[in-house]
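Notes follow the structure.
What follows draws every value from the coordinates through simple rules; no lab data is involved. Everything numeric here is computed off the predicted structure, so don't read it as measured data. Methodologically, a virtual Cβ is constructed for each residue, glycine included, from the backbone with ideal geometry; neighbour enumeration extends over all protein chains shown.
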Amino acid sequence: MRHAVIVADNRRPADVHGVHGTRGLTQWACLARRAGLGGGWEAVEWACVPVGGVSGEHLHTRTEEVYVLLAGQGEVTLDGRPSAVRAGDAILTGLGTTHGLRNTGTEPLEWLVIEMPARTAQPNPIVRHAVITNLRRVGPVDPGAVFTGPLRTLQVTRLAARERAVLRTAGIEHAVFVTSGSGRAATGDVRVPLMPGRALTLPLGTGAALTAGLDGLEYVHAVLAVPAQELAQEPVQEPTQEFVPESVPEELT
């Protein structure tokens, strides 16, 4: 049984040169890896390129990947076709798709990376292999239109001042990345401050209550299904997310 909630942030990123075969600098921070997780995560990462910077084009043959743009604007190339993108956009790249990202704006381009293994090593011709959508304007994404693997939900969640959301791991695991506002997460007897750039990953067997501060709280929220063999080792839990009113008992805060 896993009980270690993973807390990370992008305050001290590494400087990486020549990402995917290009010249130039990329700042990078690992927020979570597959170790200690059951849902099939490959990695949750934060990346940033300066004005004019490029994350080179590369082909996915084993994993599926999401980019969620956090700040700035740029151009994504999917199988040779360029498209303009900006903060709030999500780019879902499936098997057999080549993608790359360029900063075309006047400020650093930041994005969240969520990568997970596909269910099959070969593209399924019935499934589209790349989609661009805006999580703020359009709302939650059903990854099944593109992906074959474990990603079940991708959305931006906004909590009003002092509003609470309880995340439970009933057959799933959660990754949360704070984009704006402030608050705190309570998991067991641990209280974790939440601010932009902080990530919280909840393995199977854990849970957390997120409480927004006076300026509200916004976060990217991804949910991965956990394989049956992992579920067999864990107790059954209640629903995966619920919004809790101000009068929730203090032990949940």
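Relative to one another, the C-alpha centroids of the stretch 131-177 and the stretch 1-37 are positioned 20 Å apart. Ordered by the count of other Cβ atoms within 10 Å of each Cβ, fewest first, Asp79, Asp9 give Asp79, Asp9.
Express in nm, to one decimal, how much length is gained between Leu214 and Thr98 on full extension, taking 0.36 nm for each residue of separation and deducting their alpha carbon distance. Working shown, then result.
Numbers: separation 116, 0.36 × 116 = 41.76 nm, distance 4.24 nm.
Extending this stretch completely gives an extra 37.5 nm.
Given R₀ = 41 Å, FRET efficiency for Val190-Val51 by Cβ-Cβ distance, to 0.05?
On the way: r = 39 Å, r/R0 = 0.95.
In this case the efficiency is close to 0.55.
When you restrict to C-alpha pairs under 8 Å that are six or more residues apart and normalise by the size of the stretch 6-244, the relative contact order lands at 19 percent. Think of each Lys and Arg Cβ as +1 and each Asp and Glu Cβ as -1; about the Cα centre, that makes the dipole of the stretch 6-244 roughly 200 debye. Simple rule: put +1 on each Lys or Arg Cβ and -1 on each Asp or Glu Cβ in the stretch 6-244, find the dipole, and look at His129, Pro140, Ile6; the Cα lying farthest toward the positive end is Pro140. The label-point distance for Ala4 and Arg158, in a model that sets each label 7 Å from Cα toward Cβ, rounds to 3.7 nm.
Quick one: work out Rg over Rh on the C-alpha atoms of the stretch 6-244, Rh as Kirkwood radius. Rounded to two decimals, Rg/Rh equals 0.96. Shape class for the stretch 1-127: oblate, because the ratio a/c of the largest to smallest gyration tensor axis (alpha-carbon atoms, square roots of eigenvalues) is 1.5 or more and b/c is at least a/b. At an R0 of 22 angstrom, the distance between the Cβ atoms of Thr61 and Leu25 translates into a FRET efficiency of 0.25.
Can you tell me the dipole magnitude for the stretch 23-98 around its Cα centre, using point charges on the Cβ only (Lys, Arg +1; Asp, Glu -1), in Debye to the nearest 20?
That gives the stretch 23-98 a dipole magnitude of about 140 debye.
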